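Comments concern the structure below.
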Number of protein chains: 2
Amino acid sequence: MTTPYRAPVRDQRFILHDVLNLAQYGDLPGFADADADTIDAILEEGGKFCEGVLAPLSHVGDVEGCVRDMDGNVKTPAGFKDAFKQMSEGGWTALSSDPEYGGQGLPHVLNLAFNEMVSAANMAFGMYPGLTLGAAAALHTGGSDEQKRLYLPKMISCQWGGTMNLTEPHCGTDLGLLRTKAVPQADGSYKITGQKIWISSGEHDMAENIIHLVIARIEGAPDGVKGISLFVVPKFLPDSDGNPGARNTLKCGGLEEKMGIHGNATCVMDYDEATGWLVGEENKGLKIMFIMMNEARLGVGLQGYALAEAAYQQSLGFARDRLQGRSLTGPKNPDGPADPIIVHPDVRRMLMDQKSFVEGARCFALWTALQGDLEEKASDPKVREKAGDYMALLTPVVKGYLTGKGFDMVSSGLQIHGGSGFTEEWGASQLLRDARITLIYEGTNGIQALDLVGRKLAMNGMRPIMSFFAELDAFVAAGGGESEQPFIAAVADCKAKLEEATNWLVENGLKNFDHAGAASHDYLQLFGLTCLTYMWAKMAKVSAAKIAAGDSDPIYANKIKTGVYFIERWVPEGAMHLAKVKTGADAMMALSAEEF
Amino acid sequence: MTTPYRAPVRDQRFILHDVLNLAQYGDLPGFADADADTIDAILEEGGKFCEGVLAPLSHVGDVEGCVRDMDGNVKTPAGFKDAFKQMSEGGWTALSSDPEYGGQGLPHVLNLAFNEMVSAANMAFGMYPGLTLGAAAALHTGGSDEQKRLYLPKMISCQWGGTMNLTEPHCGTDLGLLRTKAVPQADGSYKITGQKIWISSGEHDMAENIIHLVIARIEGAPDGVKGISLFVVPKFLPDSDGNPGARNTLKCGGLEEKMGIHGNATCVMDYDEATGWLVGEENKGLKIMFIMMNEARLGVGLQGYALAEAAYQQSLGFARDRLQGRSLTGPKNPDGPADPIIVHPDVRRMLMDQKSFVEGARCFALWTALQGDLEEKASDPKVREKAGDYMALLTPVVKGYLTGKGFDMVSSGLQIHGGSGFTEEWGASQLLRDARITLIYEGTNGIQALDLVGRKLAMNGMRPIMSFFAELDAFVAAGGGESEQPFIAAVADCKAKLEEATNWLVENGLKNFDHAGAASHDYLQLFGLTCLTYMWAKMAKVSAAKIAAGDSDPIYANKIKTGVYFIERWVPEGAMHLAKVKTGADAMMALSAEEF
């Protein structure tokens, strides 16, 4: 039956140690506590937790879903509550949080590696701690010392849950339309009234309190996005010692029926003069919310390739077991009634697509997460600046590219199962249904593309993209041995195309913003392809060096073979995206809305 | 809320009258009865039936699904039975069937146009008559006169249902592994014993009898595909007057839990010495089954674009209504709180992708269906031969390309809905879940690709593909006016690439069959793209002529604008597929099965 999930610890170790060489950052805060042995131990133990505790609950969560009673209480699927407790008590939620509030202060890049395994094992479950830590990050940045003292320790440990409340029925992407209002009270608190929808993890039975971060408009504030403030609105009002007290006047008004992530409670949240407190300054709520959002976007990109990894493992297991037909080049299992379907080239194509994507995506996600560490912790301001530029530039690429292609890879995993993939018993269909949300939430992929071409490219006089191009040029200029040549050529090819596309955007996008919008999707795709190609080149380089040095670990030869497949089979997509970028908006906008 | 389905009759009329010019075939059997007014009346009335009766049951079918009782009886969703009766009594199932058995003998191409609307309105429902008519087609070809007399009239009218029983738990694609056995009886009948799975429409409450076509191995027959015979195995054994009599010893042993098409009963069928009769000759069953299969494959390709049409309509309605954000080029709805999202280029991109795909695919499917009519009815043997070649060559392309791209377009439709697309209330998620099966059943798309490169290309000394190339060359050579030039250039470009890919296959695929397998997917994609480009060029040519002749119907200008988008935005995929074809199998097969 379904192949059980196995944590890809070996591959994560390859990236963290060999490619990113985390040992070089030993003098930065947190990294000193993360030597190779510690990292390996955390990945091993974390992997076991995900394999043994979370993965078995994924199907349960899909089938049972969440159930709301008439009072608005929500019951999570069987086993979720106990797993949440184990995750909290095991310290798994606090890996890279601030030690001042009970975190372990380890590198974010290590935390991300752990979170990949959580998402792959049980995405719907992982969203409960995930959103809690996102909310904690926003409070950490924007909250007062008192708020931090009161909320952060219990959120970081996931003794309490956390959520983000943005969307309203008439306002999703366009937050300026929001209607939820906040009325100042004499004691400095606010009464919050309004309805929020699609609130992931909005209500559940796993934590003793849930801390909602809610955007609302203070009475009399300006219209649009300039009048949005952020509030912390706890389910139970804590006393000054942090003990949950009176029940706040907010509740879950309903659960969404969704096509996937059934184990996560997606709530309609009704706030009826609920007590809340301002986080940060009046009318500056969106800025803080976007800190949370950016972290969440990286997390969603991670889900994108994590589910592709899960699909890869499932479909690989199926392809090795299922006997059907004979190899085109003669029987490979002559004593059996047929060959395993992994002998068929078209099955191989889908497996290699998945494998080469996932491994490249993992490297890209971890490399980007490392920029987050460097931005926060590096001593050299130039390093911090460059890392911050990269985080800003690459976040929409991680989110948009890894979820879009991740979904395609999950679909390929289902396809390998044939008819079994369409039935609910093998798990392939659940992955497809779960994965589909990653292209939508935390900003649709169209919004990611617009963020990339409309804001991130132009940032700081185009410093981030110029810095990225310079890094690619330097990599190409450094050259390499024979086995690295195809990789270097591919990096040069992708960089040239991405630069051409960028120049086209600069020339045309400013003249007519619709050109920028029309090009945005394919520009993001080309960008993502360039990043994964660069990652594969880095992986090939370090693998070639290991082989040259006599290291016989088979992972290195495997990397080069897999990378060659990526270069041959993915890089040709670049020219297509460039051609589409350069077609502009004319044909796209030629019909009036009525002519459709 | 959800935009109701509207039958695309105007576009179908454009294709049937303007592009295919069916009037020119007035001297062929059946076509004389299908003058333009008759065709239009059938499409109008058929469209109303699909809009008014079938479409409203689609969501009901998804939610209720089919229910099996302990005796193996299956209850279909509320309303299905009555709709099935209406469809039967309205004569809608008999449009293009043989008049000798109660059919109306109209062109298949017209029947296909009607079936598109059925699938778009309610795919799960459409499979009940669809499989019945597929089974009838197999009996019509392979059955004895007595079998035809007994079964065909009631199947063609859908008073009785029909199914095809191929798959067994251990044998899907590889039918040679089948174990179901047939034991000859003294009276000339056979006792059939075995288990079949994934039998669509296998058992239900809508027809007074269900006629199963079952492949099985007669005791002592050769192993593998050379020992497969076909049997007709009715649920109730008919007497010689065709009245259903004794219950046969077969039953539905279970229903599959599937991710979509919940309204269709996907059955495990248990045959326990069930009485059946041989269809055609012993050990020649597969040949007849493939007649049914080929017809079914065209039908699945049709589902692929039909669901994309449904998704297009849904997402277009949503994009016109949903107010969110402002146009990049200034407000388009200044009096409202925001602009409708159809103003945003990236939303346009997805709508234009859908529209230009669906209209091209519709033309391709109808053009191919017309080949079926010509193969059967043309008086000139050369015309029949060419049409037969085209049917053979293009069937895997219709199935593989239209379902793969169709699924992507359905996914784009969901994406336009944003978060609403992931909830079950808008219908976008149902379309995605329903559409996913089309890439799998009636032979996975990988099998279609292998059929194309492994069998259809080489058929009759490559006559079909050479004939197709000659047609494209002639089209290019004929030239056209200024507005047609980009289309003609695109046809020339696609044809050159497809020819290059074909030559590569001829040179390399025979040396190493794995090269052919490795190239097959992208070859099929390039083939499909070429076909849709050619269809767009034909549509542009006829539209330009209409405009030049002073016809002011806006459809003609709309076609040229939509076609230009297709040329700009889809044709660049060709070079990518060609590049992938030419990479061959080396990198794809470089890892051993254990190295994954």
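The values are calculated or read from the model by the stated rules, or taken from the named source; none is laboratory data. No experiment lies behind these values; they were computed from the predicted model shown. Quick reminder, even Gly has a Cβ in these numbers, built from the backbone with ideal geometry, and neighbours come from all protein chains shown. Accessible surface is based on the protein model in full, side chains and every heavy atom, while ligands, DNA and RNA are left aside. Shrake-Rupley method; radii C 1.70, N 1.55, O 1.52, S 1.80 Å.
If the viscosity is 0.890 mPa s and the temperature 25 °C, what Stokes-Einstein diffusion coefficient in µm²/s follows for the protein assembly as shown when Rh is the Kirkwood radius over Cα pairs? Present the calculation step by step, with values, prior to reporting the outcome.
Values: Rh = 31.3 Å.
The calculation lands on 78 µm²/s.
What residue of chain A sits with its beta carbon nearest the rotation axis taking A to B, and at what distance in whole Å?
Per the Cβ-to-axis criterion, the result reads A:576, 2.
Using a 1.4 angstrom probe on protein heavy atoms only, which residues from the stretch B:517-551 are buried by at least 40 Å² of accessible area when all chains are present rather than their own chain alone?
Buried by the other chains: B:521.
Once you put a point 7 Å from the Cα of residue B:470 and another 7 Å from the Cα of residue B:257, both along the Cβ direction, what distance in nm separates them?
The answer from the label model is 5.6 nm.
Around residue B:181, with a cut-off of 14 angstrom between Cβ atoms, what is the net charge of the other residues, counting Lys and Arg +1 and Asp and Glu -1? List each step's numbers first, then the result.
Details: positive: B:179, B:191, B:196, B:217; negative: B:168, B:219, B:223, B:270, B:272, B:273, B:282.
Result for the local shell: -3.
Let me check against my output: what whole-number percent is the relative contact order of the stretch A:158-283, with C-alpha pairs under 8 Å and at least 6 apart? Before the final figure, lay out the partial values.
Numbers: 311 pairs, mean separation 38.4, N = 126.
Relative contact order of the stretch A:158-283: 30 percent.
Starting from a label point 7 Å past Cα on the Cβ side, list the distances from residue A:45 to the same position in the other copies, nm, shortest first.
Label-point distances to the other copies, shortest first: 7.6 nm.
Taking a point 7 Å out from Cα toward Cβ as the label site, list the nm distances between residue B:63 and the same residue in every other copy, smallest first.
From this label point to the equivalent ones elsewhere in the assembly: 2.5 nm.
Please report, as a whole percent, how much of the solvent-accessible surface of the stretch A:158-283 comes from carbon and sulfur atoms (probe radius 1.4 Å).
Values: 2070 of 4430 Å².
Ligands and nucleic acids excluded, carbon and sulfur give 47 percent.
Could you list, in their original order, any pairs among A:196/A:355; B:355/B:495; A:511/B:538; A:456/A:582; A:85/A:284 whose Cα atoms are separated by more than 29 Å? List each step's numbers first, then the result.
On the way: A:196/A:355 39 Å; B:355/B:495 23 Å; A:511/B:538 35 Å; A:456/A:582 20 Å; A:85/A:284 35 Å.
The answer is A:196/A:355; A:511/B:538; A:85/A:284.
For residue B:210, list long-range residues whose amide hydrogen, built 1.01 Å from N in the peptide plane, is under 5 Å from its own amide hydrogen.
B:161, B:235, B:236
How high is the relative contact order of the stretch B:470-596, in percent, with contacts defined as C-alpha pairs under 8 Å that are six or more residues apart?
Numbers: 125 pairs, mean separation 44.2, N = 127.
Across the stretch B:470-596, relative contact order equals 35 percent.
How big is the Kirkwood radius of chain A, worked out from every pair of different alpha carbons and given in Å to one decimal?
On the way: mean 1/r = 0.0400 Å⁻¹.
Over chain A, the inverse of the mean reciprocal pair distance is 25.0 Å.
Roughly what angle does helix B:554-569 make with the longest principal axis of chain B, taking Cα atoms, 0 to 90 degrees, to the nearest 10?
90 degrees
Tell me, which longest segment in chain A has none of the trypsin sites (Lys or Arg not before Pro) that fall in DSSP loops with at most 13 further Cβ atoms within 10 Å? Don't jump to the answer; show the numbers that get you there.
On the way: sites that count: A:179, A:511.
It runs A:180-510.
Report the label-to-label distance for residue A:27 and residue B:282 in nanometres (one decimal), using points 7 Å from each Cα along the Cα→Cβ vector.
8.8 nm
Just how much of residue B:193 is accessible, in Å², when a 1.4 Å probe is used and the result is rounded to the nearest 10?
Result for residue B:193: roughly 40 Å² accessible.
Using the C-alpha atoms of the stretch A:158-283, what convex hull volume per residue, in cubic angstrom, is computed? Kindly include the intermediate steps, with their values, before the conclusion.
Details: hull volume 13.6 nm³, N = 126.
In the stretch A:158-283, the Cα hull volume divided by residue count equals 108 Å³.
Using alpha carbon centroids, what distance separates the stretch B:148-177 and the stretch B:391-410, in Å?
23 Å
Percent of accessible area on the stretch A:457-587 owned by carbon and sulfur, 1.4 Å probe?
On the way: 2700 of 4610 Å².
The value for the stretch A:457-587 is 59 percent carbon and sulfur by accessible area.
Cα centroid distance between the stretch B:435-490 and the stretch B:534-596, in Å?
So the separation of the two Cα centres works out to 11 Å.
Per residue, how many Å² of accessible area does chain A show with a 1.4 Å probe?
Solvent-accessible surface per residue comes out at 34 Å².
To the nearest 100 Å², how much accessible surface do chains B and A hide from each other in total, with a 1.4 Å probe?
7700 Å²
Under a Cβ-Cβ cut-off of 15 Å, what is the net charge of the residues other than residue B:331 that fall near it, where Lys and Arg count +1 and Asp and Glu count -1? It would help to have the intermediate numbers written out before the result.
Working: positive: B:326, B:332; negative: A:174, A:223, A:514, B:335, B:339.
Net local charge, residue B:331 excluded: -3.
Where both partners of a DSSP beta bridge lie in the protein assembly as shown, what percent of those bridges are antiparallel, to the nearest 5?
For the protein assembly as shown, the DSSP antiparallel bridge percentage is about 80.
Label-to-label distances across copies for residue A:100, with labels 7 Å out along Cα→Cβ, in nm, shortest first?
For residue A:100, the inter-copy label distances come out at 9.0 nm.
Compute the distance from the alpha-carbon center of the stretch B:289-361 to that of the stretch A:103-131, in whole Å.
36 Å
How big is the charge dipole of the protein assembly as shown about its Cα centre, in debye rounded to the nearest 20, if each Lys and Arg gets +1 on its Cβ and each Asp and Glu gets -1 on its Cβ? Show your work: numbers first, answer last.
Working: 108 positive and 150 negative charges, 203 e Å.
Here the protein assembly as shown has a charge dipole of around 980 debye.
Run the numbers on chain B and let me know its relative contact order in percent, using alpha-carbon pairs under 8 Å that are six or more apart. Intermediate results must be reported in sequence, preceding the final value.
Numbers: 1100 pairs, mean separation 73.9, N = 596.
Reported relative contact order: 12 percent.
Quick check: net charge around residue B:27, other residues with Cβ under 15 Å of its Cβ, Lys/Arg +1 and Asp/Glu -1?
Details: positive: B:377, B:384; negative: B:33, B:35, B:373, B:376, B:380.
Net charge in that neighbourhood comes out at -3.
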